[in-house]
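Structure record follows, encoded as structure tokens.
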Amino acid sequence: MNHSKTKMLIEGAIMLALATVLSLIKVFELPWGGAITLLSMLPICLFSVHYGVKKGLMVSFLYSLIQLFLSLGAVLSWGLSAFTLVACLLIDYIAAFTVLGFAGMFRTKGVPGWITGTAIAVFFRFCVHFISGVILWKSYGELWNGFSTDNVYIYSLLYNGAYMLPEMILTCIGAALLYKMPATKKLLTE
């Protein structure tokens, strides 16, 4: 194994570990799995920006498996049918976290491209959760303090937006600050 491949594997492992630890620091948590975390997606996005979409998707897929295993006990306690359980695991975990690997899609465009790619990857994650809410969960009813809706699209938009929008904003702010640091720029352009 050559030096650059070893370096990439070590960086991937470090970013997976960092993202996992940050995912456990929940700033705010909604019922049924939605949470605002302390920049947990940023290490995966950083890896993708550094090494590109293909390698980013591989690391983000591993991250999706970690997130799935960390949440499996809670998901199993929801009393889902076998079909809904498998669909939940595939859509809300595997697909939703794997799309973070697309953060590197504009990696050759410098800081603006890095931030844009990160924002788009997090937006993709929101889209996956939104679609899951509409086709899988088909939820409607009370959201917060008496506010309710009988429209599954609005419910999914509001529920998933309640944690994904702040998560996206925090991740983009963190990305902008991190990506503009000279040491990070040097790392991402080498």
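Just so you know, all these numbers are worked out from the coordinates, no wet-lab data involved. The structure displayed is predicted, hence computed values, not measured ones. We place every Cβ from the backbone using ideal geometry, glycine too, and count neighbours over all the protein chains shown.
If you put +1 on each Lys and Arg Cβ and -1 on each Asp and Glu Cβ, how big is the dipole of segment 28-158 around its Cα centre, in Debye rounded to 20? Don't skip to the answer; put the middle values down first.
Details: 6 positive and 4 negative charges, 126 e Å.
So the dipole magnitude of segment 28-158 works out to roughly 600 debye.
Computed over the alpha-carbon pairs of the chain, the distance histogram in 10 Å steps reads 10, 36, 34, 15, 5, 1 percent, short to long.
In straight-distance terms, cross-link reach from LYS186 covers every one of the lysines whose alpha-carbon lies under 20 Å from its own, apart from those fewer than eight places away in the same chain; here that gives LYS5, LYS7, LYS55, LYS109. Mean-square fluctuations from a GNM of the chain, with a 10 angstrom spring cutoff on Cα atoms, peak among SER71, SER132, SER81 at SER81. Relative to the longest principal axis of the Cα atoms of the chain, the long axis of helix 110-132 makes an angle of roughly 20 degrees.
Counting Lys and Arg as +1 and Asp and Glu as -1 over every other residue whose Cβ lies under 14 Å from the Cβ of HIS3, the net charge comes to 0. For MET41, no residue whose modelled amide H falls within less than 5 Å of its own remains once neighbours fewer than 5 places apart on the same chain are excluded.
Determine, for ASP92, ASP150, the number of other Cβ atoms within 10 Å of each Cβ, and report the residues in order from fewest to most. Display every interim value, and only then the final one.
On the way: ASP92 24, ASP150 8.
If I rank by nearby Cβ atoms, fewest first, I get ASP150, ASP92.
In order along segment 48-57, the phi-based Karplus estimate (6.51 cos²θ - 1.76 cosθ + 1.60, θ = phi - 60°) of 3J(HN,Hα) comes to 5, 4, 6, 10, x, 5, 4, 6, x, 5 Hz; Gly and Pro are listed as x. Under a 5 Å amide H cut-off, with hydrogens placed 1.01 Å from N, ALA35 pairs with LEU30 among residues at least 5 apart or on other chains. Reducing segment 1-27 and segment 49-70 to their Cα centroids gives an inter-centroid distance of 10 Å.
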